[in-house]
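The next block holds one structure in the form of structure tokens; read it before the comments.
The values are calculated or read from the model by the stated rules, or taken from the named source; none is laboratory data. This one's a predicted model, so the numbers in the text were calculated from it and none came from an experiment. Every residue, glycine among them, receives a Cβ derived from its backbone with ideal geometry; neighbour counts consider all protein chains shown. Remember, those area values only see protein heavy atoms, side chains included, never the ligands or the DNA or RNA. Shrake-Rupley method; radii C 1.70, N 1.55, O 1.52, S 1.80 Å.
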Amino acid sequence: MVKDLFERIQDNKGPLGKWASQAEGYYVFPKLEGELGPRMQFHGKNILNWSLNDYLGLANHPEVRKADTDAAAQFGAAYPMGARMMSGHTTYHEQLENELASFVMKESAYLLNFGYQGMVSIIDALVTKNDIIVYDVDSHACIIDGVRLHMGKRFTYKHNDLESMEKNLQRATKMAEETGGGILFITEGVFGMRGQQGKLKEIVALKQKYNFRLLVDDAHGFGTLGKTGAGAGEEQGVQADIDVYFSTFAKSMANIGAFVAADKTVIDYLKYNLRSQMFAKALPMIQTIGSLKRLELLRQSSAIKDKLWENVNALQSGLKERGFNIGDTNTCITPVYLEGSIPEAMVMVNDLRENYGIFLSIVVYPVIPKGIILLRMIPTASHTLEDIKETLAAFEAIREKLVNGTYKEIAERTTVDVS
């Protein structure tokens, strides 16, 4: 007897879907309203928002808004129609690619419609069944899904662990010698959950012993790290040694889209083999022209990035001075680790939002180990020192309630299914 395909869906909602009845609309799929920025509205209340990846505060920059508006007025949302290869190619797309390549110090670049799809397709295009992939166990989902398409062997190494990297490169080398293929090593410039930079300098040094090509996802590093904002590779002095550089527009650029940069030979190959772009409509003019303006602002002055880091340093030093554990972040991403159960975490976040007006992201098991609550904050150039002062006071208050059992007591009185 053949089962109904949807029977499983009825019985198993998935690791996140099982929480939908009590979490949707509040803990997940929340509706933030008002102008994008540190101060927005949630459930009719004003909140201080630490949950936007608008690092440089460009989402509401007047020049950006004007560029977006002018592009929409001139071209509408449809232009250009068709894939780049067929009928969707424009001078603006070429200009943005050239400027991006120059900014990240690469010979050539190619635009992507979305970061997630782009990374999946890049991995798929770069390797054959004879090649071996070596990647960080904590890689973003887009990398993991790209690796899943690979028909050959793949090895994961322990997160940012040099000994594990080398061990798996040795295994990959032996395997590649048997298959006649090559090795693609994948890491991230910044790991988005905990805020650590990938060990790019040390990975590049391993090239002296092992023959591999390096692909770096620098979604959180682009615009925030390095003297010019060119990312984690520039920050660590190894940008030239990254073979394939990738970033999204969804963070520092406050837009939709992404790009990949490398030597011209590699980009020329990807242009004709990147299925996510070959069989998809070109990036619309609103995003393309809007990204040109954003990149212009990023290049012309370091003032925005300097303000970002003033806020990052104030928030992170303030947390550490008050005894909070923020792990080993060395980027803008600011995680705060507390001990508690999932029900306690839900009560805490409710308290933060309803009584302190603080909105941030919460991460619990199975993403992190049981008994740990991770409160993840994204400081931006738009935040103020007063915002930070207000947040630090709220954190001291909620920690006291967590330690003295207030949240546990409330959680025990509330029916929460944690099965």
Solvent-accessible area per residue, Å², over the chain with all protein chains present [probe radius 1.4 Å]: 48
Between Pro369, Pro38, Pro343, where does the largest GNM mean-square fluctuation fall for the chain, given springs only between Cα atoms within less than 10 Å? Pro369
Per-residue HN-Hα couplings for segment 48-55, Karplus 6.51 cos²θ - 1.76 cosθ + 1.60 at θ = phi - 60°, whole Hz, x for Gly and Pro? 8, 9, 10, 10, 10, 8, 7, 3
For segment 44-115 and segment 214-251, what is the separation of their Cα centres, given in Å? 18
Rounded to whole Hz, the Karplus (6.51, -1.76, 1.60) HN-Hα couplings of segment 234-250, x for glycine and proline: 5, 4, 9, x, 10, 4, 5, 8, 7, 6, 9, 10, 10, 8, 9, 8, 7
Would you please give the residues with an amide H less than 5 Å from that of Ile358, counting only those at least 5 places away or on a separate chain, with H modeled from the backbone geometry? Leu48, Arg353
In segment 62-300 the accessible area split gives carbon plus sulfur, as whole percent at 1.4 Å, a share of 51
For q values of 0.10, 0.18 Å⁻¹, compute log₁₀ I(q)/I(0) with the Debye formula on a Cα-only model of segment 62-300, without solvent. -0.45, -1.36
Student exercise, the chain dipole from Lys, Arg, Asp, Glu Cβ charges, in Debye to nearest 20: 500
At what distance in nm do the modelled label points of Ser302 and Lys281 sit from each other, each positioned 7 Å from its Cα along Cα→Cβ? 4.1
Quick one: plug the Kirkwood hydrodynamic radius of segment 249-302 (C-alpha pairs) into Stokes-Einstein at 10 °C, 1.306 mPa s, and report D in µm²/s. 125
At 4 °C and 1.567 mPa s, what whole-number value in µm²/s does Stokes-Einstein give for the translational diffusion of segment 236-327, with Rh from the Kirkwood sum over Cα pairs? 78
Given H placed 1.01 Å from N in the peptide plane, which residues other than close sequence neighbours of Ser108 have an amide H under 5 Å from its amide H? Ala262, Lys264
Once normalised by the length of segment 62-300, the mean sequence separation of its alpha carbon contacts under 8 Å that are 6 or more apart gives a contact order in percent of 29
If you take every DSSP beta bridge whose two residues both sit in the chain, what share of them, in percent to the nearest 5, is antiparallel? 60
Given backbone amide H placed at 1.01 Å from N, residues whose amide H is under 5 Å from that of Asp136, ignoring those fewer than 5 places away on the same chain, are Tyr157, Ile186
Exceeding 32 Å between C-alpha atoms, which entries from my cross-link table qualify? They are Lys3/Lys167; Lys199/Lys264; Lys31/Lys271; Lys305/Lys408. Lys3/Lys167; Lys31/Lys271; Lys305/Lys408
q = 0.07, 0.08, 0.11 Å⁻¹: log10 I(q)/I(0) that the Debye formula gives for the chain, counting C-alpha atoms only: -0.37, -0.49, -0.93
Got a sec to turn the phi values of segment 202-211 into Karplus ³J(HN,Hα) couplings, 6.51 cos²θ - 1.76 cosθ + 1.60 with θ = phi - 60°, whole Hz, x for Gly and Pro? 6, 5, 4, 4, 5, 5, 5, 10, 10, 8
